[in-house]
Amino acid sequence: MSRKSLDHTLKLLKELDRAGSIPDVIAAVQRQLTGFGIDAIIAGLLPTPTSLVSFNRQFLVMESVPAEWRSRYLSRGYAAHDPIVAQTFRQQAGFGWSDPTLSPPATATASQVMHEAADFHLRDGYTVPLTTVEGEVGGMSFAGSHLEIAPEHRGMLTLIASYAFGHALLMRGQPIATRSRLSPRERETLQWAAEGKTDWEIGEIMGISEHGIDSHLRRVRTKLRTRNRAQSVAEGFRLGIIV
């Protein structure tokens, strides 16, 4: 992530801290991401793949989709067929809906879900897989008719999604991780990761090998129940571990 993108992201994270409700969180994210073509935000927790048929409004953490599409999606059990949901279970890092590595819809119903979403101007999107402190799988999608997201902006969106998702869960009264769970060296490693340093650069600063840095970051992910570096950094900002 570039310094400019990081500064923009930190500005949004501070605004999210002032949000008093989940609608405020959604508004802050959409306001700060003007120009990316994002018309809707959808974030939710996911039951196990075999239980997706039970997906209902209680699993939605926050959303700003058209009411008609939300009603149709829930009443027809589309979560069990949604190829974006399926990919969220399979992938650790964020992905674009049109990425060449994305598996095509496996069934006619899966294709129908995407075609109908497009009818509501949700044709294009970027999804960030997420994990809660209790190990629950979730995800947050940014969607619109056509997104203008450069490769260098993906890290920023991942960080924003992780932070906003965690903040919204906190508002719902769900458990969060505590600062004391990280050792001083793990906190230092996470701090440098937030500055955009590579494992090699952090190792040079801290006087240990890249393997040692990787071990620290893996323990951070385990303790904070995060899937990747960006989500770990977002949790670090949200919990005050990173200053």
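Summary of computed values
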{"item": "Qualifying residues in the stretch 72-104 (those that are free of Cβ contacts under 8 Å to residues at least 24 places away in the same chain and in a loop (DSSP other than H, G, I, E, B)) - the one farthest from the chain's Cα centre (by Cα)", "result": "R76"}
{"item": "Residues of the stretch 180-208 satisfying the condition of being without any contact (Cβ under 8 Å) to a residue 40 or more places away in the chain and either β-branched (V, I, T) or in contact with a Phe, Trp or Tyr (Cβ under 9 Å, 6 or more places away or on another chain) (or both)", "result": "T189, T198, E201, I202, I205, M206, I208"}
{"item": "Selection within the stretch 118-130 - within 9 Å of the chain's Cα centre (by Cα) and open to solvent by 20 Å² or more (accessible area, probe 1.4 Å)", "result": "none"}
{"item": "Subset of the stretch 25-48 [in a helix (DSSP H, G or I), more than 16 Å from A67 (Cα to Cα), open to solvent by 10 Å² or more (accessible area, probe 1.4 Å) and in contact (Cβ under 8 Å) with a residue 24 or more places away in the chain]", "result": "Q30, Q32"}
{"item": "Only listed residue being over 24 Å from A28 (Cα atoms), modelled with pLDDT of 85 or more and crowded, with 23+ Cβ neighbours inside 10 Å, chosen from I202, I208", "result": "I202"}
{"item": "Hits in the stretch 222-233 (condition: in contact (Cβ under 8 Å) with a residue 12 or more places away in the chain, part of a helix (DSSP H, G or I) and either surrounded by fewer than 18 Cβ atoms within 10 Å (Cβ to Cβ) or not small (G, A, S) (or both))", "result": "K223, L224, R229, Q231, V233"}
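The values are calculated or read from the model by the stated rules, or taken from the named source; none is laboratory data. Because the structure is a prediction, the values reported are computed rather than measured. Ideal geometry is used to build each Cβ from the backbone, glycine not excepted, and the neighbour counts take in all protein chains shown. Only protein heavy atoms, including side chains, enter the accessible area calculation; ligands, DNA and RNA are left aside. Shrake-Rupley method; radii C 1.70, N 1.55, O 1.52, S 1.80 Å.
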